[in-house]
Amino acid sequence: MQIASKRIHTGRVIDLDLDTVRFPDGSSGELEIIRHPGAAAVLPFASDPGGADPTILLITQYRYAANGPLIEIPAGRLNPGEDPQACAQRELLEEVGVKAGRVERLTTIWTTPGFTDERIHLFWASDLTADKHAREPDEFIEVTPKPLSEALTLIRDGGINDAKTVLCILFAAGFILGH
């Protein structure tokens, strides 16, 4: 339970607070916590998700924190008051340049609850139609279509190691598609 909170830093992407908290045993202490508005991520299917080996649209994106490119699914921060599904649709258009006729919820995850309150809402999308992307100036993205089987192999072999992407693909493959 939070007793007090002090804002240490306000940034474009995150805020940092120093919270005084009461722990379950009644003791108290201070914890640094990164405040994040949350995000949505979407696994886009370029072919019939029910097909034998559907094609998914991944993105290869430069990530400064990873010191290079990562293979990911489209994702982005929630705007104030924005519905997570609307965010997923917006990010799909902005980063990949497609609109989805169908967007379905998979699950919601805590990214790193040891130091942030960020949650990512995961979706899958199908019935895609081409449109114009609208990437932000700091987004360096290449759209990379892959058969689901290849994406699963890349996860197993460490070629896809972005947590939201790994979880979303495995969740969809295991619980939605039954692969």
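The values are calculated or read from the model by the stated rules, or taken from the named source; none is laboratory data. In this text, all values refer to a predicted model and were calculated from it rather than measured experimentally. Methodologically, a virtual Cβ is constructed for each residue, glycine included, from the backbone with ideal geometry; neighbour enumeration extends over all protein chains shown. Ligands, DNA and RNA are excluded from the accessible area calculation, which covers all protein heavy atoms including side chains. Shrake-Rupley method; radii C 1.70, N 1.55, O 1.52, S 1.80 Å.
Points to keep in mind about this one:
- Result for the chain in a Gaussian network model with C-alpha springs under 10 Å: among V96, V143, V21, the largest mean-square fluctuation is at V21.
- Residue-wise HN-Hα coupling along region 74-89, computed from phi with Karplus coefficients 6.51, -1.76, 1.60 (Hz; x: Gly, Pro): x, 7, x, 5, 6, 6, x, x, 6, 5, x, 5, 5, 4, 4, 5
- Probe 1.4 Å, accessible area per residue of region 1-93, Å²: 55
- For the chain, with all protein chains in place and a probe radius of 1.4 Å, 54% of the accessible heavy-atom surface sits on carbon or sulfur.
- In this calculation the C-beta distance from D48 to V13 is compared with R0 = 25 Å, giving a FRET efficiency of 0.10.
- CD proxy at 222 nm, helix term only [per DSSP H run n ≥ 4: -39500 (n - 2.57); per residue of the chain; nearest 500]: -4500 deg cm²/dmol
- The amide H of G38, built 1.01 Å from its N in the peptide plane, has L78, R119 as neighbours under 5 Å, considering only residues 5 or more places off or on other chains.
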